[in-house]
Amino acid sequence: MTGPQHGPDADQAGPQHGPDADQAGPEQAGGERRSGLRNPDKAVRGLGAGTMALEALVLLLAIQPIRVVGGDLSGAAIGAIVALAVACVVLAGMMRRPWAWHAGTVLQGLLLLSGLLHWSLFALGVMFALVWAYALHVRRVILG
């Protein structure tokens, strides 16, 4: 079954030639998008915001299991968890700004440092630092 995109003239379809082919943006020479996404910036922002929102949710939901299973969780540790979760929510809403990605990296470092308050926070910090590193990798691959 051949459609307009799958026929023998598929390589001639689309805005590949002409004055629009030299535009700056997500398209390369020849009109091909680097990532194949309609709006790569928006997709990457969504990835960053989703990662931050998930981190906030996990941090808040982890308080009680850490208290029950992990032993003594001090008030300072609970305060650090809540503060980090609030910072994650704020950063999730600020992903349009380029500095938010750097702030997210700093936030992962702070979560790792909060491991000094309780060992399980360090474990969460390692997991989310790896997730954030992957999000940064995807951002670099998609946006170049």
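The values are calculated or read from the model by the stated rules, or taken from the named source; none is laboratory data. Just so it is clear, the model here is predicted, and its values are computed rather than measured. Methodologically, a virtual Cβ is constructed for each residue, glycine included, from the backbone with ideal geometry; neighbour enumeration extends over all protein chains shown. Each accessible area value is taken on the protein alone, full model and side chains, heavy atoms only, with ligands, DNA and RNA left out. Shrake-Rupley method; radii C 1.70, N 1.55, O 1.52, S 1.80 Å.
Remarks
- The range 124-144, subset farther than 19 Å from Ile78 by Cα and among the aromatic types (Phe, Trp, Tyr), residue surrounded by the fewest Cβ atoms within 10 Å (Cβ to Cβ): Tyr134
- Residue check, Leu121 open to solvent by less than 20 Å² (accessible area, probe 1.4 Å) and either at pLDDT below 95 or not in a helix (DSSP H, G or I) (or both): yes
- Odd one out for Glu27, checked against (1) open to solvent by less than 90 Å² (accessible area, probe 1.4 Å); (2) over 18 Å from Leu143 (Cβ atoms); (3) modelled with pLDDT under 75: (2)
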